[in-house]
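Written out below as structure tokens is the structure these notes cover.
The values are calculated or read from the model by the stated rules, or taken from the named source; none is laboratory data. Since the structure is predicted, the reported quantities are computational estimates derived from the model, not experimental observations. Virtual Cβ from ideal backbone geometry, glycine too; neighbours counted across all protein chains shown. Heads up: the accessible areas ignore ligands, DNA and RNA and are worked out on the full protein's heavy atoms, side chains in. Shrake-Rupley method; radii C 1.70, N 1.55, O 1.52, S 1.80 Å.
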Amino acid sequence: METLIKVAKIIEIENGSILSPQGFHTGGIHAGLRYAKKDVGMIFSEVPAESAAVYTLHDFQAAPIAVTKESISHSGKLQAVVVNSACANACTGEQGLKDAYEMRELAAHKVQVDEFLVAVASTGVIGEYMKMDKIKKGIEQIQLGNASTNAMDFQTAILTTDTCMKKCGFQAEIDGMIVHMGGAAKGSGMIHPNMATMLGFITTDANITSENLHAALKEVTNYTFNQITVDGDTSTNDMVLVMANGLAENQLLSPSHPEWEVFIQLLTKTCESLAKQIAKDGEGATKLVEVHVTGAYDEEDARKIAKQIVGSNLVKTAIYGADANWGRIIGAIGQADTKAKANKITISIGPVKMLDKSEIILFSEEEASEYLKADFIEIFVDLHMGEGSGTAWGCDLTYDYVKINASYRT
């Protein structure tokens, strides 16, 4: 039985997953794209679902993104998503696009829906062609269901260098009906999104139009997925996709709905949970880093500064080495191209304050270093300029990051 943890109006489902909402089925299979691990996954909704997605701003978007954009633009609805790991199908020219379309066709045939109701996503090595014989066999043989094992099969099939699954489930009451939302994501390296994460999939049984779902996703993405960074590299395949099948039977959601903000909170909790799980599982990472910026000129400045700090290699390596070098932090602030003033900044690492309105204060190096040995680190910055606040998430930078990426293809 699932254990529920209440947070404000939002309830977290402790064992929640991509299958927490009604009417969804998933599966994953080892098709042979990787040596032993599952590498092809699918999501299926019992009814066409209103859908929305946000995509990488990388100049060289992968072929699956073009196909998914086309599918969603056709009617605003999806009923299935097919995903593969091991090969990104990026920078693969006309053949890559042809393969992405074939994946869509195979998945549509598998679940007996129109091709335009299918989205495609891929992740893995750039510049390699898809092994379509194995993809075809995998899609044909994949078993879809709504048991916890089916969720796990999908959640593992989408991983690459990840060391663990990223998943969550939440629920809230809207119009007296229980609305569920679940998510699954992959991401460990090449995480510095301009819109999303590497790959994120969210399901919900909420009743909402594609247009309003897209507006909500775009808003929430700006301060969740857009606020994580692992290594400063943006992927060609970044995508976050949401499917809403309406089976909760709440009144149609829109910004004028009296409980619209409840839905926004539900989506925010889901996206933030997945984003933090990705940041925590950065390649070679040993610590999750959370940066809080307050007192900024506006929220945009606050978010930019928070992300600049958490993305700084000098900050990341100092955290790995448990070195309380606040100079690295103020150095990062000055690179963020904001209205911040160097003479008004307060900095604390965890409970240890080191700078107060730009006045150096004595602190215990031993206490600060001991705090930095933990696996969750918080940095607090107050700019003393305005009401803007923002948060970003990242990880430390370790020797293992180099090892993992030096042998990525082997």
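Restricting to bridges with both residues inside the stretch 76-207, how much of the DSSP beta-bridge set is antiparallel, in percent to the nearest 5?
Details: 16 of 22 bridges.
About 75 percent, rounded to the nearest 5.
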Projected onto the charge dipole of the stretch 250-295 (unit charges on the beta-carbon of Lys, Arg, Asp and Glu, signs +1, +1, -1, -1), the Cα from ALA285, SER273, ASN250 with the largest positive-side position is that of ALA285
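Given the peptides 171-180, 76-85, arrange them by the average over their residues of other C-beta atoms within 10 Å, most packed first. Don't skip to the answer; put the middle values down first.
Working: 171-180: 18.6, 76-85: 25.7.
Packing order, densest peptide first, comes out as 76-85, 171-180.
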Check: C-alpha center the stretch 135-166 vs C-alpha center the stretch 254-294, spacing in Å is 23 Å
Farthest towards the positive end of the dipole of the chain, among MET132, PHE24, GLY176 and with Cβ unit charges of +1 on Lys and Arg and -1 on Asp and Glu, lies the Cα of MET132
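Out of all DSSP beta bridges with both ends in the chain, state the antiparallel percent to the nearest 5. Intermediate values should be presented prior to the final figure.
On the way: 58 of 79 bridges.
Close to 75 percent.
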Calculated from DSSP helices alone, with each H run of at least 4 adding -39500 (n - 2.57) and the total divided by the residues of the chain, [θ]222 nm to the nearest 500 comes to -10000 deg cm²/dmol
Here the net charge surrounding LYS37, from other residues whose Cβ is less than 14 Å away from its Cβ (Lys, Arg +1; Asp, Glu -1), is +1
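Within 11 Å, Cβ to Cβ, of VAL67, how many net charges do the neighbouring residues add up to if Lys/Arg are +1 and Asp/Glu are -1? Kindly include the intermediate steps, with their values, before the conclusion.
Numbers: positive: LYS69, LYS98, ARG104; negative: GLU70, ASP99, GLU102, GLU105, GLU115.
Once all neighbours under 11 Å are counted, the net charge is -2.
What part of the accessible area of the chain, given as a whole %, is carbon or sulfur when the probe is 1.4 angstrom?
Details: 8610 of 17190 Å².
Exposed carbon and sulfur together represent 50 percent of the surface.
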Computed over the chain: longest principal axis from alpha-carbon atoms vs helix 260-280 long axis, angle to nearest 10 degrees, is 80 degrees
Relative contact order as a percentage, the chain, C-alpha pairs under 8 Å and 6+ apart, gives 17 percent
For ARG328, the accessible surface traced by a 1.4 Å probe with all protein chains present amounts, in square angstrom to the nearest 10, to 100 Å²
Relative to the chain, whose Cα atoms define the longest principal axis, helix 210-222 and its Cα axis are tilted in degrees, nearest 10, by 30 degrees
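Would you tally the net charge around GLY93, using a Cβ to Cβ cut-off of less than 14 Å, leaving GLY93 out, and scoring K and R as +1, D and E as -1? Don't skip to the end; give the middle numbers.
Details: positive: LYS98; negative: GLU94, ASP99, GLU128.
Once positives and negatives cancel, what remains is -2.
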For the stretch 55-114, listing chymotrypsin sites (Phe, Trp or Tyr not before Pro) in a DSSP loop whose Cβ sees at most 15 other Cβ atoms within 10 Å gives PHE60
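Determine, for each peptide in 235-242, 35-42, the mean count of other beta carbons within 10 angstrom over its residues, then list the peptides with the highest first. List each step's numbers first, then the result.
Numbers: 235-242: 26.2, 35-42: 21.2.
Highest mean packing first, the order is 235-242, 35-42.
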Between the Cα axis of helix 63-75 and the main Cα principal axis of the chain, the angle (0 to 90°, nearest 10) is 70 degrees
1/(1 + (r/R0)^6) with r = Cβ-Cβ of ALA36 and TYR297, R0 = 45 Å, i.e. FRET efficiency to nearest 0.05, evaluates to 0.30
Phi-derived 3J(HN,Hα) across the stretch 79-86 with the Karplus relation (6.51, -1.76, 1.60, θ = phi - 60°), rounded Hz, x for Gly and Pro, is 10, 8, 9, 10, 10, 10, 10, 6
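Work out the length of the dipole vector of the chain about its Cα centre, built from +1 on the beta-carbon of each Lys and Arg and -1 on the beta-carbon of each Asp and Glu, and round it to the nearest 20 debye. Write out the running numbers ahead of the final one.
On the way: 35 positive and 52 negative charges, 166 e Å.
About 800 debye.
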The ³J(HN,Hα) series, computed from each phi in the stretch 148-157 with the Karplus coefficients 6.51, -1.76 and 1.60 at θ = phi - 60°, rounded to the nearest Hz and given as x for glycine or proline, is 4, 5, 5, 4, 5, 4, 5, 5, 8, 5
Percent relative contact order for the stretch 12-118, counting Cα pairs under 8 Å at least six residues apart, stands at 25 percent
Between THR149 and THR286, the two model label points (7 Å from Cα along the beta-carbon direction) sit apart by a distance in nm of 3.8 nm
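Using per-residue counts of other Cβ atoms within 10 Å, averaged over each peptide, order 47-53, 136-142 from highest down.
Working: 47-53: 23.1, 136-142: 18.9.
Highest mean packing first, the order is 47-53, 136-142.
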